[in-house]
1. Ignoring ligands, DNA and RNA, what accessible area per residue does the chain give at 1.4 Å, in Å²?
2. When the accessible area of the chain is split by element with a 1.4 Å probe, what percent falls to carbon and sulfur?
3. Could you give the Stokes-Einstein D for segment 263-353 in µm² per second, using the C-alpha Kirkwood radius, 4 °C, 1.567 mPa s?
4. Take segment 203-323, compute every pairwise Cα distance, and split them into 5 Å bins from 0; I just need the percent in each bin.
5. Mind checking which of Leu99, Val297, Gln395 is farthest towards the positive end of the chain's charge dipole, using Cβ charges of +1 (Lys, Arg) and -1 (Asp, Glu) about the Cα centre?
6. Based only on the alpha carbon positions, what is the Kirkwood hydrodynamic radius of segment 330-426, in angstrom?
7. Putting +1 on Lys and Arg Cβ atoms and -1 on Asp and Glu Cβ atoms, find which of His311, Ser55, Thr220 reaches farthest to the positive end of the dipole of the chain.
8. What is the extension gain from Glu134 to Ser383, computed as 0.36 nm multiplied by their sequence separation minus the C-alpha to C-alpha distance, in nm to one decimal?
Amino acid sequence: MYDVNKVMTSRASRRGVLKGGAALGIGTLGLGPLGSRLAAAQAEDKLEIFSWWTSPGESKALQALFDAFTAANPGVEVVNSTVAGGGGVNAKAVLQTRLQGGQPPDSWQTHVGRELVDLYVVPGSCEPITDIYESEGWTDVIPADLVEQATWESEKYSIPVGVHRGNGFFYNKSIMDDNGIEVGDTMSVDEFFAAADTLKAAGIPALAFGNSEGFPGAQTFENTLLGVAGPETYSALFRGETPWDDQAAREAAETYAKMLDYVNEDFSALVWSDAIALVIEGKAGFNSMGDWAYGEVLAKDAQDNIGWVSHPGSDGSFVLVVDSFTLPVGAPHPENARNWIITLGSKEAQEAFNPLKGSIPARTDANRDLFSPYHQWSMDSFSNDALVPSAAHSQATSPAFQQAFYDASTAFVTDKDVDTFLALLADAAAMDAEETS
Ligand code: GAL
């Protein structure tokens, strides 16, 4: 469905070669005084991990990774460096400052695809980990498509730890029952609007929404686009092959504008985890979100009352949001950093982390019985459905497109101006095309 290599090859040819230490193979050896500083740092026996996982579900899952690392590496102090903000809205900026100042953590969270390559690999911030893939046999157990998205110019640069399904539509079962709404295995756009009208008449916001951090507005649009236009048009639009004045894009924006008539009024003040909390607490009907929202459901022990379908119309497709971790050039504790990467690719760590996070393992050999019915449903979708990468999480498109997408969506959720929204996306696509040509 999505040819990440096609996009990346064009970037690679533009940039020519890797800049910075990665291209020169600089690790921690042979660096003179810097080398002894790194050795001293290593002697402290720490491991600093950088992420934006701070919500109840996210932090529980992150702790499971730390526990797996500690079990294999007792005595190493794990330093949990987080910068709150869903989708990494704040963390990615802080990380850039650290990288530019030559002070990387020992590993950081990133999505595979364009985010990994554009922000970190091409600028020379990451060491290749191809040798670890080989020694751990990961290419035998991680689907080739995912490995490809962690690869640039034949080298692998991050280990995928979990695969989120971005086009989830979670709902409160008692609200549906109380209002006589039957939700089947799938939901069409029309079925959603029928349910939404019923809830509106009962004074309940049908769609829980929290957009103060910007990414949910973009994510709900990409889910709506997928539901209205289908996976092929979705991919063609984000690849720049179909223009944004296409009729299907317009119809998706109009549908999205209509959906926004059913959201909670305070959406500009809330974050993504507040929105799923509204559904859990019975204050709103549905929430369109990646399945880290299901991590919140699990962390709050609310799974009995929360059901799910794909975002209206998007059944048969799986929006990929793949979390992975890197090995930096100049990691302060290089040996611990390598061991962290090795832990993350292990069956044990992926089986401990993903049941809490809402994602499914990147490895295909995990024991299915350890996972909830939701996870098993997502595993089946991953195996059978069209896989399309998320633009809201910068897998499909560049980080610059992502920012423009956030800005356009944030304006749209308030002004619902379809023409301006599509024009802004067209501008962002043109900027991307110019960048990669
Ligand atoms: C995504 C990330 C998820 C989840 C979410 C909300 O970008 O892939 O793991 O953390 O942001 O913070």
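The values are calculated or read from the model by the stated rules, or taken from the named source; none is laboratory data. Please read all numbers here as calculations on a predicted model, not as lab measurements. Neighbour counts run over all protein chains shown; Cβ positions are idealised from the backbone, glycine included. Side chains are part of the model used for accessible areas, which takes the heavy atoms of the whole protein and leaves out ligands, DNA and RNA. Shrake-Rupley method; radii C 1.70, N 1.55, O 1.52, S 1.80 Å.
1. On the way: 16070 Å² over 437 residues.
That works out to 37 Å² for each residue.
2. Exposed carbon and sulfur together represent 49 percent of the surface.
3. 80 µm²/s
4. All Cα pairs, binned at 5 Å, distribute as 2, 11, 21, 22, 20, 14, 7, 3, 1 percent.
5. Result: Leu99, furthest along the dipole toward the positive end.
6. Hydrodynamic radius (Kirkwood, Cα pairs) of segment 330-426 is 16.8 Å.
7. Selected residue: Ser55.
8. 87.2 nm
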